[in-house]
Structure formats: structure tokens, C-alpha cells
1. What do you reckon, is S373 polar (S, T, N, Q) and either within 16 Å of ligand 5 (Cβ to nearest atom) or open to solvent by 60 Å² or more (accessible area, probe 1.4 Å) (or both)?
2. Keeping to the stretch 210-244, report how many residues are in a loop (DSSP other than H, G, I, E, B) and buried (at least 19 other Cβ atoms within 10 Å of the Cβ).
3. Looking only at residues that are more than 17 Å from D230 (Cβ to Cβ), part of a strand (DSSP E or B) and open to solvent by less than 20 Å² (accessible area, probe 1.4 Å) in the stretch 287-318, which one is farthest from ligand 4 (Cβ to nearest atom)?
4. Can you tell me which residue in the stretch 140-153 is farthest from ligand 4 (Cβ to nearest atom), limited to those that are under 15 Å from P96 (Cβ atoms) and open to solvent by 30 Å² or more (accessible area, probe 1.4 Å)?
5. Could you check, for the stretch 206-220, whether at least one of its residues is within 20 Å of V119 (Cβ to Cβ), away from ligand 1 (no atom under 16 Å from the Cβ) and modelled with pLDDT under 95?
6. Which residue pairs have Cβ atoms closer than 6 Å, lie 6 or more positions apart in sequence or on different chains, and pair a first residue in the stretch 215-237 that is within 19 Å of T287 (Cβ to Cβ) and among the β-branched types (V, I, T) with a second residue that is open to solvent by less than 50 Å² (accessible area, probe 1.4 Å) and part of a strand (DSSP E or B)?
7. Give L100, L54, L114 a once-over and let me know the one that is touching a residue at least 60 places away in the same chain (Cβ under 8 Å) and surrounded by 18 or more Cβ atoms within 10 Å (Cβ to Cβ).
8. Considering only residues of the stretch 66-78 that are open to solvent by 40 Å² or more (accessible area, probe 1.4 Å) and either within 15 Å of P122 (Cα to Cα) or not hydrophobic (A, V, I, L, M, F, W, C) (or both), which is farthest from the chain's Cα centre (by Cα)?
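The values are calculated or read from the model by the stated rules, or taken from the named source; none is laboratory data. All values derive from a computational prediction rather than experimental measurement. Positions of Cβ are generated from backbone atoms using ideal geometry, with glycine treated the same way; all protein chains shown enter the neighbour counts. Accessible surface areas use protein heavy atoms only, side chains included; no ligands, DNA or RNA. Shrake-Rupley method; radii C 1.70, N 1.55, O 1.52, S 1.80 Å.
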Amino acid sequence: MKLNALTSSLLALALGVRQGSTQTFTGPEDGRLQIALTTENPINGVATTPEGRLFVLYARVDGSKGPQVAEWDYATNTSTAYPSEEWNNYTMGKDPATHLVRINSMRIGPDGLLWLVDVGSPAFGAPVILPEGPKLVAVNLTTNEVQTVLNMGNATLAISLLDDVRFHPSSGKAYLTDAGAPALILCDLATGDTRRVLIDDASTGAYMPISAEGSLLHAPDGSFQRIYADQHEVSPDGKWYYYQPANGGMSRIETKYLDQAFYNSTLSQILPSYREPYALTPSTGGTAIDADGNIYTSDTDSQRIIKIHTNGTKTLLVQDPRLLWVDAMWVGSDGRLWMPACQLNRGIPFQNGTNRVVPPLHVFTIDLSCGPSPIDHA
Ligand SMILES: *[C@@H]1O[C@H](CO)[C@@H](O)[C@H](O)[C@H]1NC(C)=O
Ligand SMILES: *[C@@H]1O[C@H](CO)[C@@H](O)[C@H](O)[C@H]1NC(C)=O
Ligand SMILES: *[C@@H]1O[C@H](CO)[C@@H](O)[C@H](O)[C@H]1NC(C)=O
Ligand SMILES: *[C@@H]1O[C@H](CO)[C@@H](O)[C@H](O)[C@H]1NC(C)=O
Ligand SMILES: *[C@@H]1O[C@H](CO)[C@@H](O)[C@H](O)[C@H]1NC(C)=O
Ligand SMILES: *[C@@H]1O[C@H](CO)[C@@H](O)[C@H](O)[C@H]1NC(C)=O
Ligand SMILES: *[C@@H]1O[C@H](CO)[C@@H](O)[C@H](O)[C@H]1NC(C)=O
């Protein structure tokens, strides 16, 4: 069939709208989504073990109180503070080194430990408690006790937002993103030594504010809300490190340059010459990587999950009106993608002090027919 110019441009427009582009998506729901759990309070991270244990991270952006890190009990659909009530019960005056001040993300690592990323500031926007607050806390899932605390005070500024962690087992390094002061933090897991790299680089910074449900987000003082280096992944072969600010625009750099820069300050200075653009991603809540190296990224404007293939091509995995700000995702050993739809943008820090989160909230899963990257977690 031959179309005239007007018809074909109308057709393109219709297709664009149907595929969502950057519009809020109103429907229909996708029947492939399954509800893994339902809560009254936002969950912005999940981690599962092959044996079926489930750990959850409560974001507390709705003003709710209680533990942040918890283990979920499917028999009762309730959760219990993890590793203990006291670790989760930081209050002013308590030792920030032996309490979780504020956990931004959480994941089981390739070593089987549950790693908690502690921002070290008691509230969104509040100064980091230096030097003891910011840290990586590793919990042993057999003893259910804290096994290691790696202090990040030497690599963190008062305005830092220690965001997330990934691992590069062959070099014994952990990579962290700083979403409050643009940089990556390299950490040697054996010694706990740290380095800040790609400081205020175009790839860790954010010209654009974050956007959700179609609007740019503002801080209470009216300024635009920017979230710097945030989502990141390591390729299953360990060669590439992918990273981006929350407003999108994913870069990649070979892990060997990061690892060498840890010991070589000259190389550290010229790291920007080794990074390159990887994928034009939208404003993002969270990512995950699978065993084949495909990256999943959640679009906070259009309630969809985009799959970035290893050749850079993007396809739509799923779009559903319920996928409101899907935060840190997780690929389970059962080959399912876990998507905590936590409505983060409706929380108090992004709504000038008002909680607009609408419960109940769900963590959804969808079949990927592909498991996790073995150097990411089991
Ligand atoms: C727990 O929640 C799941 C998912 O929402 C539901 O299928 C299951 O029936 C619930 N179990 C109990 C004991 O309420
Ligand atoms: C948290 O700590 C405070 C102060 O020590 C204590 O009063 C409170 O009972 C604790 N809460 C929990 C849930 O352990
Ligand atoms: C967890 O603790 C047990 C008992 O101390 C120990 O055997 C095991 O190696 C620890 N696990 C990890 C991953 O370090
Ligand atoms: C921070 O740096 C100081 C000075 O180099 C060093 O003495 C200290 O051990 C470091 N702290 C940590 C936790 O690495
Ligand atoms: C936030 O609320 C305060 C009053 O509670 C108001 O003065 C301020 O203008 C508000 N900021 C924005 C960006 O709306
Ligand atoms: C450090 O990196 C620079 C820049 O890549 C390189 O010229 C130099 O040889 C390196 N130094 C060592 C000791 O490897
Ligand atoms: C990229 O990979 C996808 C998935 O394997 C494939 O469908 C697509 O044709 C590839 N694109 C290019 C340009 O090679």
C-alpha cells in the first residue's frame, strides 16, 4: 500500500503515542507481570538467594518509620528487621559506625554476602556524618551477622549520596556511584582503601534534572533535582563497566582502566579519555544485567522497562501503568526480573515535604528466560 505523506506521518505519530515515548502510560496492563509481594510502604530494592530467601529495602520516602533492611516471610507476608532491630535503629547520638544510618541500596554480591550501601546521612539532603556514617556493610547470610564494615569516609563528601555498588571479582574491587557529588568510588575489598575518580566528569554529572511521570523534579528550595552517578553494571565477562546519572545517558569504560587508576594517579586524571557513550537511556529508576550481558533500565516517565542488547540496540521488555518508578531491579536465579514499583518521585523528598505515594505498592516479576550474571550474584 502506498501512503501519502500526511497519512504516513499520522501513522508514525500514532505509533509513537502507542509506544509511549516519553508520555505517562495509561494502559493497558500487561498480563505477563506477576505480583511477588504487596506492601503499604515503598520498597526500592530486593535481593533473592537461590534457596528462596528474599531481602527487601524500605525506602521510607513516605515518612513511615521502621527498619529499612528486612527479610521477607512469604508464609505471613510480613518482614523482619535484618540483620537485627538494633542495626536498623539508628537515632541521633548512637554510633554511626555500628548502625545503618540510611541505606540507599542493597544487594547480594558474588561472594554471597548481603552488601548494604549506607549513605551515612540521616535524611535525604542532610549532610553526611563524616567520617563514620558512609560505609559498605556486608552481612553473612549463614550467621545473619555483620561480617565486614568498610568505611567510605575518605572517599565521601558532606554532600555525597553514596548510591549503589557493583563488584569486579577478578580484581577484588567494588565500584560505587556518588549521586550527590558526581564521581565514582573505587574500593579495594581486601584493604578497604578507596579512590574517587571521574570527579565532576560529563559522564558522572547531570545537566538534566530527573524526570518522572512527565515532569522534571524539584527540590524544596525550588531548584531542579539532580541525581548524579547512580545506576551501573559490570558485564558478565568483567570487561566493561556501564554507568549513568539517574536522568539517563549511559556510558561505558573498560574495567581495566578503573582498576589501574586505583594505583596510578596519572591514569586516574585521564580516565575521561577512555570512557565512551553506550546507550541513550531515559530518566531511570534502576537497572539490572542478565547472564547474556543485556541491561534492563526502568523509564520513570513512561512506566516501561527497556532492554539494551549488547550491541546497543534497545527493545521494549514491558510497559504497564503500574510500573511507577521501578527502582533497583534484580535478576533472580529463576530467570525472572524483579521490579520494585516504589513511586519514589511521589515521596516526601521530591514533593516538597508532602507524601503523595499511593499504596498498596507492589514488587512485580516478569520472565526473562535468562538468569543473573554469575559475577554479579548467584
Ligand atoms: C502473600 O502475598 C501473595 C502475593 O500478593 C499472595 O499471593 C499470597 O496469597 C499472600 N499470602 C498470604 C498468606 O497472605
Ligand atoms: C530503638 O532505640 C531506641 C533508643 O535506644 C529505643 O528506645 C527503641 O525501643 C528502639 N526501637 C527498636 C524497635 O528496637
Ligand atoms: C559466613 O560465616 C560462616 C561461619 O562463620 C563462614 O563459614 C562463611 O565462610 C561465611 N560466608 C562468607 C561468604 O564469608
Ligand atoms: C583515611 O585516610 C587516612 C589518611 O590517609 C588513613 O589514616 C585512614 O586509615 C583512612 N581511613 C580509612 C577508613 O580508610
Ligand atoms: C515548598 O513549601 C514551602 C512551604 O512549606 C514553600 O515556601 C516553598 O515555596 C515550596 N517550594 C516549592 C518549590 O514549591
Ligand atoms: C600510569 O598511567 C600512565 C598513563 O596511562 C602511564 O603512562 C604510566 O606508565 C602508568 N604508570 C605505571 C607505573 O604503570
Ligand atoms: C542487535 O541485537 C539484537 C538482539 O540480538 C538484534 O535483534 C539486532 O538485529 C542487532 N542489531 C544490530 C544492528 O546488529
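1. Numbers: polar (S, T, N, Q): yes; either within 16 Å of ligand 5 (Cβ to nearest atom) or open to solvent by 60 Å² or more (accessible area, probe 1.4 Å) (or both): no.
No: the conditions fail for S373.
2. So the first thing to find is which residues in the stretch 210-244 are in a loop (DSSP other than H, G, I, E, B), and the list is 210, 213-214, 217, 219-223, 225-228, 235-239.
Of the ones still in play, those that are also buried (at least 19 other Cβ atoms within 10 Å of the Cβ) are 210, 217, 225-228, 235-236.
Result for the stretch 210-244: 8.
3. We begin by selecting, within the stretch 287-318, every residue more than 17 Å from D230 (Cβ to Cβ); these are 290-294, 302-304, 307, 309-318.
Applying the additional criterion that residues be part of a strand (DSSP E or B) yields 290, 304, 307, 314-318.
Retained after the next criterion (residues that are open to solvent by less than 20 Å² (accessible area, probe 1.4 Å)): 290, 318.
Working: D290: 34, V318: 42 Å.
Among them, the one singled out is V318.
4. Of the stretch 140-153, the ones under 15 Å from P96 (Cβ atoms) are 146, 149-153.
Pick out the ones that are also open to solvent by 30 Å² or more (accessible area, probe 1.4 Å) and you get 146, 149, 151.
Working: V146: 16, V149: 10, N151: 4 Å.
Going through the qualifying residues, I end up with V146.
5. yes
6. V234/R166; V234/H168; V234/Y241
7. Working: L100 fails: touching a residue at least 60 places away in the same chain (Cβ under 8 Å); L54 fails: touching a residue at least 60 places away in the same chain (Cβ under 8 Å).
Checking each option against the conditions leaves just L114.
8. Initially, the stretch 66-78 is screened for residues open to solvent by 40 Å² or more (accessible area, probe 1.4 Å), giving 66, 71, 73-78.
Next, only the ones that are either within 15 Å of P122 (Cα to Cα) or not hydrophobic (A, V, I, L, M, F, W, C) (or both) stay: 66, 71, 73-74, 76-78.
Working: G66: 21, E71: 19, D73: 23, Y74: 24, T76: 28, N77: 24, T78: 24 Å.
So the residue we want is T76.
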